[in-house]
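The structure appears right after this line, and notes come after that.
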Amino acid sequence: MAEAKPKKNPFQQEYGHFIGGEWVASESGETFEAINPATGEVLARVQAGNDRDVDRAVKAAQEAFATWGRTPAAEREQILLEIANRLEKRKEQFALMETLGNGKPIREPLFFDIPFCVDHYRYFAATTRMLNGETIPVGDDVVLIYHEPLGVVGQIIPWNAPLAMVALKLAPALAAGNTVVLKPAEQACLSVLEFVKEISDLVPRGVINVVTGFGPTAGAPLARHPGVNKVAFTGETVTGRLIIQYTSENIVPVTLELGGKSPFIVFPDCDLDQTIEGLALNLCVQAGQMCAQGSRVFVHEDIYDTFVEKAVDRARRIRIGDPTDPQTELGPLVSQEQLEKVLNYIEIGQQEGAKLLCGGGRPQGEQFAKGFYVEPTLFGEVKNSMRIAQEEIFGPVLGILRWRDYDRLIEEANDVIYGLAAGIWTSNLKLAHETARRLQAGMVWINRYYNFKSGAPIGGYKKSGFGREAALETVKYHYSQTKSVVLAFGEPHH
Ligand code: NAI
Ligand code: MG
């Protein structure tokens with residue numbers, strides 16, 4: 001691995017909350033450190049917000065909504081397009097910030113996250129023109145249907161892909177005419193703050209507000225604030241359950257994008273090399289800290305041995321190291337907490353009797369000593385009932401399961417509390433399609449994993465949450481409310 005090259009820290013020493021168009025300190029005066037997960041180095045200080053900061057932000061968003069909620073669609077369209085342009089123009093800088101703050105290898109933000117975000121803002125710019133309602137004639141009377149913005153939206157996002165998470169939340173909220181209070185994750189919020197700084201002049205004061213801080217002290221007060229008209233959350237399933245409880249206090253809608261334990265199904269007639277690359281991607285992307293990770297790899301018994309051999313060979317060749325190096329495929333996990341969680345699951349897998357095929361620990365060497373690195377790890381002979389097959393590990397760890405009977409395969413693939421995504425690898429498209437329809441998953445990728453498209457709804461079945469992001473329905477049904485206006489032109493009935 002190449003020596004870690006010193007990179008200039010692109011961040012400010014300290015960041016405020018962004019409230020009502022101003023960068024402000026927490027009312028408590030409390031701050032915390034943002035850490036580079038590859039080196040342990042402190043990158044900046046960030047405000048530790050509390051309920052009083054959230055309250056200020058919600059009030060600013062409420063004030064801004066009075067006019068922003070009535071802006072013509074064409075205006076919001078232009079703003080979203082300009083947000084996309086700004087991000088595209090400074091792609092390299094934002095990629096580096098994402099890498100320093102989160103640990104993801106720079107090839108990811110450069111070639112995946114940021115292009116995805118740019119396309120996303122453009123897609124939602126287009127949706128501003130599609131928020132038309134309907135006219136329903138009923139006898140002589142006429143029903144007019146409108147989609148109106150909700151008001152202030154509280155958005156709580158995780159750390160695994162900060163800028164992409166912001167795009168998924170902010171773009172539809174603005175497209176529909178809502179104002180936003182965003183609470184980024186404490187583990188990785190610097191790129192989010194820099195992004196908001198970059199676009200802050202494009203929207204009126206108070207339309208976008210950001211409060212940084214921890215879940216219970218900044219996230220919870222946002223989710224239960226009576227001035228918030230909708231909550232959108234992405235993160236852990238247990239936290240999602242709390243969010244539902246908080247929003248029940250004010251009877252406001254909520255959308256949740258939660259955990260996953262997605263099947264990655266390999267048929268004997270697949271293109272084996274492509275499938276192995278898909279598997280490598282599942283180990284590497286965000287160091288496996290991906291809600292949609294295809295973490296249960298079901299391989300048909302006819303090709304099981306060959307598949308395992310090739311998979312192990314590929315996993316051993318994964319380039320792990322300094323995430324700012326363009327050659328690096330696998331970077332560190334985001335935090336000490338994630339590191340401990342993942343190492344603990346590797347331990348559990350061995351105790352449960354799964355066969356450790358490769359990896360299984362922290363990589364050796366000076367360059368890894370201060371970062372939260374875990375080797376690419378594959379387990380073989382995994383049974384679907386094992387904890388490593390049922391629980392979200394969120395690391396570069398995959399379990400390989402052997403299958404023989406097709407109906408039994410479908411049963412096992414669905415036998416899990418989650419239903420976020422699934423992957424299918426076969427050259428038989430009829431079989432792929434039938435399989436896709438039988439899987440309980442919100443997103444199914446055939447012959448290419450993580451094949452996200454703006455316009456293709458993202459979201460889960462079962463305990464992976466509800467609501468859909470990234471699509472027209474997001475803006476129409478999850479960030480708007482419907483009003484019917486009934487005009488009586490006919491004679492009265494009585
Ligand atoms: P988390 O769900 O607790 O945190 C996500 C966001 O929610 C953060 O902004 C956090 O500050 C906030 N939050 C936490 N507790 C809150 C509360 N009581 N009220 C309001 N907001 C709250 O996820 P965490 O603890 O960072 O990660 C733990 C595990 O969750 C991971 O190991 C992984 O398995 C899963 N996870 C899944 C994600 C997904 O995309 N599906 C994303 C992040 C984590
Ligand atoms: Mg948590």
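Residues in region 451-494 that are more than 22 Å from Asn178 (Cα to Cα) and among the polar types (S, T, N, Q): Asn451, Ser464. Against the test of being modelled with pLDDT of 95 or more and under 25 Å from Leu43 (Cα atoms), the options Leu150, Leu96, Leu144 yield a single qualifying residue, Leu96. Within region 201-241, if we keep just the residues that are over 20 Å from Ser28 (Cα atoms) and free of Cβ contacts under 8 Å to residues at least 12 places away in the same chain, the residue that is nearest to ligand 1 (Cβ to nearest atom) turns out to be Val238.
Residues of region 186-224 that are surrounded by 24 or more Cβ atoms within 10 Å (Cβ to Cβ) and assigned to a loop (DSSP other than H, G, I, E, B): Ala188, Cys189, Gly206, Val207, Val211, Thr212, Gly213.
Of the listed requirements (1) more than 10 Å from ligand 1 (Cβ to nearest atom); (2) within 18 Å of the chain's Cα centre (by Cα); (3) of a type in the set (Lys, Arg), Lys183 misses just one: (1). For region 126-135, the count of residues that are in a strand (DSSP E or B) and surrounded by fewer than 19 Cβ atoms within 10 Å (Cβ to Cβ) is at least one.
Yes/no per residue for (1) polar (S, T, N, Q); (2) surrounded by 23 or more Cβ atoms within 10 Å (Cβ to Cβ); (3) modelled with pLDDT under 95; (4) within 16 Å of ligand 2 (Cβ to nearest atom):
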{"position": "Pro253", "(1), (2), (3), (4)": "no, no, no, no"}
{"position": "Leu281", "(1), (2), (3), (4)": "no, no, no, no"}
{"position": "Gln286", "(1), (2), (3), (4)": "yes, yes, no, no"}
{"position": "Cys291", "(1), (2), (3), (4)": "no, yes, no, yes"}
{"position": "Arg317", "(1), (2), (3), (4)": "no, no, no, no"}
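In the set (1) outside any helix (DSSP H, G or I); (2) of a type outside the set (Ser, Thr, Tyr); (3) surrounded by 21 or more Cβ atoms within 10 Å (Cβ to Cβ); (4) more than 15 Å from ligand 1 (Cβ to nearest atom), the condition left unmet by Glu148 is number (3). Restricted to region 251-261, and to residues that are farther than 22 Å from Asn209 by Cα and either more than 7 Å from ligand 1 (Cβ to nearest atom) or part of a helix (DSSP H, G or I) (or both), which residue is nearest to the chain's Cα centre (by Cα)? My answer is Lys261. Answer yes or no: is there a residue in region 414-422 that is of a type in the set (Asp, Glu) and assigned to a helix (DSSP H, G or I). Checked region 414-422: no residue is of a type in the set (Asp, Glu) and assigned to a helix (DSSP H, G or I).
In region 63-70 there is no residue matching the filter, namely being farther than 30 Å from Leu487 by Cα and either within 23 Å of the chain's Cα centre (by Cα) or among the basic types (Lys, Arg) (or both). Taking the numbered list (1) in a loop (DSSP other than H, G, I, E, B); (2) under 30 Å from Leu439 (Cα atoms) in turn, Ile243 passes all entries but (1).
The single condition among (1) assigned to a helix (DSSP H, G or I); (2) within 16 Å of ligand 1 (Cβ to nearest atom); (3) within 22 Å of the chain's Cα centre (by Cα) that Ser248 does not satisfy is (3).
With respect to the conditions (1) over 27 Å from the mean Cα position of the chain (by Cα); (2) among the basic types (Lys, Arg); (3) in a helix (DSSP H, G or I), Lys341 lacks only one, and its number is (1).
The values are calculated or read from the model by the stated rules, or taken from the named source; none is laboratory data. All values derive from a computational prediction rather than experimental measurement. Neighbour counts run over all protein chains shown; Cβ positions are idealised from the backbone, glycine included.
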